[in-house]
1. For the range 270-365, with only Lys/Arg (+1) and Asp/Glu (-1) charged at the beta-carbon, what is the dipole magnitude about the Cα centre, in debye rounded to 20?
2. Given Cα pairs under 8 Å that are at least 6 residues apart, what percent is the relative contact order of the range 270-365?
3. Label points 7 Å out from Cα along the Cβ direction at residue 120 and residue 323: separation in nm?
4. Cysteines of the chain lacking any other cysteine beta carbon under 4.7 Å?
5. Note down the magnitude of the dipole of the range 62-102 about its Cα centre, charges +1 on Lys and Arg C-beta and -1 on Asp and Glu C-beta and zero elsewhere, to the nearest 20 debye.
6. Determine, for 207, 300, 107, 89, the number of other Cβ atoms within 10 Å of each Cβ, and report the residues in order from fewest to most.
7. Please report 301, 142 as a ranked list, fewest other C-beta atoms within 10 angstrom at the top and most at the bottom.
8. Please give the net charge around residue 342, taking every other residue with its beta carbon less than 13 angstrom from that of residue 342, where Lys and Arg add +1 and Asp and Glu add -1.
Amino acid sequence: MSFRVTATDGEARAGILSTAHGDVPTPAFMPVGTKATVKTLHPDEVRELGAAILLGNTYHLHFRPGDELIEDLGGLHRFMGWDGPILTDSGGFQVFSLRDTIQAVDDEGVTFRSVYDGSSARFTPETVARIQANLGSDIAMCLDVCPPAGVPRAELEEAVRRTTLWAQRQVVADRAPGQLVFGITQGASDRELRRRSLEEITALDFDGYALGGLSVGEPRELTLEATAWAAPALPGDRPRYFMGIGDPEGILEVVERGIDMFDCVLPTRTARTGSALTWAGRLNLKNAGFARDQRPLDEDCSCPACARFSRAYIRHLVNQQELLGLRLLTLHNLRFVLDVTAGAREAIENGSLASFKENAVSRLGNPESSRGHIAWNPGS
Ligand SMILES: [Zn+2]
């Protein structure tokens, strides 16, 4: 068995996920390395921040530079110089979120225009399995149909039906030696459809199971309400992956509801817009209030940015579009969410997750009075 629960606290779990490239302590936040790089960072820096596993993107790597090229060069780990675990998504989320590029969806697969050159391409359960086998990731994801929030129920039901059809094919499709494959459930926050998807997908023998199609634009209360009953309905002896959450409060909310793994571009993307995630809320470093602020981004952070540089200096770098500014903010934001996640793991082991979360959420919700900061907004 590749997953072992080592401690529980309410519905929350701490565990170890074993992969071909090493163990992942859970709960685990997975930094997103869309194009085989966590933007601006060296892989050794990502590891030193505390990341145990990275996420790579099937859609983008298939088109650029090409999964067959990466296979010829020894696989994704060697190509990007990261010898730790890698999870690859299936590309389904990209295809279905770029709705204007979809040319046809049928029970066999989906035909779409590549965002790179407009050429027509087709993903089926077998092709995305082959691409992920070529990349050689440690965890491959199933092709799913992931509609945005608010689609008519008939469209949601069709997404659930096709996601199951495709999972039944992918569970027996190609995989790299030692590669784990995770199934994805759909159904948004619709109780009947999500339950149907949970039953159909967990009837198939996957190495782990994901909640997909949540956190796609619906109100946060609906996301959390659905997670509260859907996560415990997944098999207890397999890892549970919530796709697409990465703000500190959201991480704590889904961990409390029994989720083991999660990913999001939020920490890294926020960094590249010049903002820092801190216990004092989200700081927009472009704000003039930081011009003479000699404090680190966060007083309690020991990342390479906070160990040495002031808010004033980072503000200057951001305003001058200096590359170091993007690097320092990325280092800090990743460390911040990885620290929150590690803190949650420790609290689960100590049986104190409820008080850890209460304290964390109250700090995040009551930022210290700090000139120039803007309030933390968990919904964005
Ligand atoms: Zn920091």
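1. Using only the charged Cβ atoms, the result is roughly 420 debye.
2. Working: 114 pairs, mean separation 28.0, N = 96.
Once divided by the residue count of the range 270-365, the mean separation gives 29 percent.
3. 4.1
4. 142, 146, 264, 303
5. It works out to roughly 160 debye.
6. So the ranking, lowest neighbour count to highest, is 107, 300, 207, 89.
7. Arranged by neighbour count, lowest to highest, 301, 142 become 301, 142.
8. For residues surrounding residue 342, the net value is -1.
Since every read-out is calculated from the coordinates, none of them should be taken as a lab result. As the structure is a computational prediction, the values presented were derived from the model and not from experiment. Note that we place each Cβ from the backbone using ideal geometry, even for glycine, and neighbour counts take in every protein chain shown.
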